[in-house]
Structure formats: C-alpha cells, structure tokens
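To start, the structure itself, in structure tokens.
What follows is calculated from the coordinates using simple rules that are stated; it is not laboratory data. Values in this document were obtained by computation on a predicted structure and should not be read as measured data.
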Amino acid sequence: TDGDERVMPLLRANLAANATPRCVPEAVVLRWGGELDAGLRGAFDVVVASDALFDCNVGRSARAECDAFFETAQALLANDGRAVLSVEPRDRLAGGSLQRRILAAAEAAGLACVERRERRLDGTVRPEWETDAYVFCRPRT
C-alpha cells in the first residue's frame, strides 16, 4: 500500500479469502526507500505491485520515488526472486517515458527485466490485460 492505513483491512480480507494451505500471503505498510527490518531483507520469493508508479520523469521527487521503489523491491527479494509490476500506461498517451525510467531504475537497483507485456493503445484490439506488466528478477548472488 502507499501507506494509507485505511486500505489495510480490505487488503488483508482479500488476501485471506484467496489464501491456500500452501500459500498464505501477508500485507504490511511499507515506505519505499526507508529502512527495512532485518527480517524483511531477502525474505520474499515474489513482490507484487499494481498501479504503484506513475510518470517517474516528472520532477525530481517522482524520479526518486521510482528509484526508491526498485531499491526496496530488490532488498525484499530472495536470491532469484521475482518482482511483478503492473503499470497503467497513462504517460504513453502523452508521449511520456515511464517505461524507459522503470527499466533504468530496475537495472540500477540490480534487477533484470525478464518479461514485459505492453497494453496496446491503438484501439484496434482489446488485449486480455489492462495494464503494462513487467517481471523483474533478482539474480542469484
């Protein structure tokens, strides 16, 4: 979450409703770029973020937020872990460069993009997905 505590009860209820005996997800408030508890570093096989980044080339704070997001994701991931990011391609409609910034910030944080699916924006075909999707990998160390 973006830090809004009011969304946590709904998020936890959704996770509990979709848990399985082999997979019990958890949700916590996390500030990107902040200090992580030692127990969180390298503790996750998968980190998922949806609609968490916007045009990261608008102003210094937006760029810093994009960088902080990927630094935090990298720190959370176990060796060979995956970060899955879903981003609404709003900026491509206005000629923005969020996609380039995402890829550069991920690489700077030590994450490799292993899959990318772009939503078509030409209106001719409605894709099966509604956002751009990326999968990043933290290489084994």
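Extension gain for ARG12-ALA108 works out to 31.4 nm (0.36 nm per residue, less the C-alpha to C-alpha distance). Close amide H partners of GLY42, meaning residues 5 or more places away or on another chain with modelled amide H under 5 Å apart, are LEU76, LEU77.
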